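Here's the structure, in structure tokens; my notes come after.
Throughout, read-outs are computed from the coordinates displayed, never taken from laboratory work. All values derive from a computational prediction rather than experimental measurement. Ideal geometry is used to build each Cβ from the backbone, glycine not excepted, and the neighbour counts take in all protein chains shown.
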Amino acid sequence: MLVLGRKKGESLLIGDDIEITILEASGDTVKIGITAPKQVSVLRKELYNAVEHTNKDAFQAGISLEELTLQMKKIRKAPNEDAKGE
């Protein structure tokens, strides 16, 4: 891990096309700006971890293809049934 000290307004570069700029520092919070190409995914790590955890839970749930198909049919039917009842 590379550890750098930066002040407000200072930047660092990752490769040729990713720039991270310190926008504000207050207490133990730092606001950063990230400039990167559109094809580069930028996610907060806690969001990435939450999605990964949810995906693992879903995989371990062991739902069968038949059950999944049945649930999808129910979801697709639901809006049509609501519209008929109005």
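Summary table below
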quantity	calculated
Correct choice for percent of Cα pairs over 14 Å apart that was computed from the model, options (1) 79; (2) 63; (3) 74	(1)
Cα-centre dipole for the chain with unit charges at Cβ (Lys and Arg positive, Asp and Glu negative), debye to 20	80
When each of Lys56/Lys77; Lys8/Lys38; Lys8/Lys45; Lys45/Lys73; Lys38/Lys74 is checked by Cα-Cα distance, pairs over 32 Å	Lys45/Lys73; Lys38/Lys74
Nearest-ten-degree value, helix 65-85 long axis tilted from longest Cα axis of the chain	80
GNM top mover of Asp17, Asp28, Asp57 - the chain, alpha-carbon springs below 10 Å	Asp28
With Cα atoms, 0 to 90° folded angle of helix 45-61 axis to the chain main axis	30
Relative contact order %, the chain, counting alpha carbon pairs below 8 Å whose residues are six or more apart	14
Most fluctuating residue given options Ala50, Ala25, Ala36, as computed from a GNM of the chain linking Cα atoms under 10 Å	Ala25
GNM flexibility winner over the chain from Glu52, Glu66, Glu19 (Cα, springs under 10 Å)	Glu66
